[in-house]
Amino acid sequence: MKEDTTAPQDRTDEAGPADASTGGRLRDHPQFLRMWLGQAGGAVGDQVLPVALSLYVLHRGGGAADVGLVLSGRAVSLVVCLLAGGVIADRMRRTRVLIAADGFRSALLLLTAVLLPVLPLGLLPLVTALVGAGEALSRPASRSLLPRLLPDGLLERGNALVSAAQRGSAVLGALVGVAAVGLIGVRAALSVTSVMFALAVLAVLRVPDTRPSAGARAPVLGEAAAGIRAIRRRPWVLAVMGTVCLHLFAGSATALTLLPVVARREFGGDVAYGVVLAAMSVGGLPAIALAGRWRPKARGAVSMLALTGYALVPLSLAGPFPLPAVVCCFAVGGFVIELYFIYWVSALQRAFPDELLGKVFALDQLSAYALLPLGYALVGPLVAAVGARATLLGGGAVVAASSLLCLAVPGVARLADVSK
């Protein structure tokens, strides 16, 4: 395998002449737009599926435990398969990985729609797990393909557009899923979702791509270890990954577990719960627009200082604040997450050579979610021991403190190696 020393401009040259400026227009890069459209449609499909199957489980007489199993299938599959997806993305043409992942999901959902009346509820978690495996394969491939389709100066704008599609899909997919099940039924909804993935395949078919350049192929575990070594050589990458892991563990797990409890007790029920969650998605939209246009030199400092604002998410429930204030705090949380994420993804695309990008993105996702299940498991015992208010205050304090401490690591302020 090649040494981890490839300059960022080497990767942009592979995709065509590099644009030295920080400006430019995304519409001048139609191959990127084709890839983006396909992945945007697939992202909606990823969100429609769990909603449709959850409602189907309830209609069939299942309970909360059955719904939980259906939803957990996707989450477990993402964790288990992400690293394999990263290795595959660095061994094959990324477009072929996307075509295979979307084609597999399209065929699986069509088969599920046909067989749904005779499928026992116990097999539905397997369906969501298999669809989640396709998603795990496509995520590293799509992120690592982007630098081949855009010049360096447009990475933030490209990543912003990708984030906008994913953020929008979280809202649109849920709405489409509920509407489709109510209007045309679960089987028809799954068939429409299958068509979305098929269209994603057609969108990527004509996108040019080459196999990532590398020397002799190591075994899968050896390639994964190469990705870990590359990350370890950059302390700023490790620091940011660890910080985000703590945010999800202490901030997200605490707030998202207690939000429905607080909503029912203080704000009147499930409608408030949905409004607050939607506010987080909507809050990310202006950050996407800002990060796509604003490119400060100290992007890491901007990101970490902004992420201290994510502490408002658990802290807003500790009082709790009035509902409008909680909505605003969750919107702020969505804003700072997207601002950080776009700068972070762009930094990784610049920092690592092409043949390592898939593994790096897979490891980034794995590290972020590594402690999240433990966080969910600990919320209940902590609330029983010290109370909900103390648990939320502690979560907010960990988020704020870890964000500020991360800035002490060399390279974090600029999201780049210190020598650059």
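Values quoted throughout were computed directly from the atomic coordinates according to the rules given, and no laboratory measurement underlies them. Worth saying up front: this structure is predicted, and the values here are computed from it rather than measured. Please note: Cβ atoms are built from the backbone with ideal geometry, for glycine as well, and neighbour counts cover all protein chains shown.
What full-extension length gain, to one decimal in nm, is calculated for residue 305 and residue 321 as 0.36 nm per residue of separation minus the Cα-Cα distance?
Net length gain for the segment: 3.5 nm.
Using a ≥ b ≥ c from the Cα gyration tensor of region 356-419 (square roots of the eigenvalues), is it rounded, prolate or oblate, where a/c under 1.5 gives rounded and otherwise the larger of a/b and b/c decides, a/b for prolate? Present the calculation step by step, with values, prior to reporting the outcome.
Details: a/c = 5.49, a/b = 1.68, b/c = 3.26.
Judged from the Cα gyration tensor, region 356-419 comes out oblate (a/c at least 1.5, b/c at or above a/b).
When N is the residue count of region 224-406, what does its C-alpha Rg come to as a fraction of 2.2 N^0.38 Å?
1.07
Note down the relative contact order for region 224-406 as a percent, whole number, built from C-alpha pairs under 8 angstrom at least six residues apart.
Relative contact order of region 224-406: 40 percent.
If each of residue 121 and residue 195 carries a label point 7 Å out from its Cα toward its Cβ, how far apart are those two points in nm?
Inter-label distance under the simple model: 3.0 nm.
Return the sequence-ordered ³J(HN,Hα) values of region 189-199 in whole Hz as given by the Karplus equation 6.51 cos²θ - 1.76 cosθ + 1.60 applied to θ = phi - 60°, using x for Gly and Pro.
Result, rounded to whole Hz: 4, 5, 5, 5, 5, 4, 5, 4, 5, 5, 5.
Using only Cα atoms, locate the centre of region 128-164 and the centre of region 229-256, then give the distance between them in Å, rounded to an integer.
20 Å
Report the calculated FRET efficiency for residue 295 and residue 25 (r = Cβ-Cβ distance, R0 = 25 Å), to the nearest 0.05. Intermediate values should be presented prior to the final figure.
Working: r = 16 Å, r/R0 = 0.62.
In this case the efficiency is close to 0.95.
Using +1 at the Cβ of each Lys and Arg and -1 at the Cβ of each Asp and Glu in the chain, identify which of 358, 272, 39 lies farthest towards the dipole's positive end.
The residue sitting farthest along the positive end of the dipole is 358.
What list of ³J(HN,Hα) couplings, whole Hz, do you get for region 280-295 from phi and the Karplus terms 6.51, -1.76, 1.60, once you set θ to phi - 60° and write x for glycine and proline?
So the Karplus estimates, Gly and Pro as x, are 5, 5, 5, x, x, 5, x, 5, 4, 5, 5, 5, x, 10, 9, 10 Hz.
Arranged from highest to lowest average of other beta-carbon atoms within 10 Å per residue, in what order do the peptides 228-237, 92-101 appear?
Top of the packing list down: 92-101, 228-237.
So what is the 222 nm mean residue ellipticity for the chain from helices alone, if each DSSP H run of at least 4 adds -39500 (n - 2.57) and you divide by all residues, rounding to the nearest 500 deg cm²/dmol?
Numbers: 17 runs with 319 residues, N = 420.
Result for the chain, helices only: -26000 deg cm²/dmol.
How big is the equivalent ellipsoid of the chain along its three axes, where each semi-axis is √(5λ) from the Cα gyration tensor, reported in whole Å from largest to smallest?
Output for the chain: semi-axes of 32, 29, 19 Å.
Could you work out the relative contact order of the chain, using alpha carbon pairs under 8 angstrom and six or more residues apart, expressed as a whole percent?
26 percent.
Of all chymotrypsin sites (Phe, Trp or Tyr not before Pro) in region 240-337, which ones are in loop regions per DSSP and have a Cβ with at most 15 other Cβ atoms within 10 Å?
Numbers: sites: 249, 267, 273, 294, 310, 330, 335; in loops: 267, 294.
Sparse-neighbourhood loop chymotrypsin sites (Phe, Trp or Tyr not before Pro): 294.
Under the Karplus relation 6.51 cos²θ - 1.76 cosθ + 1.60, θ = phi - 60°, what is the ordered set of whole-Hz ³J(HN,Hα) values for region 376-382, x standing for Gly and Pro?
Those phi angles translate into 4, 5, 7, 4, x, x, 5 Hz.
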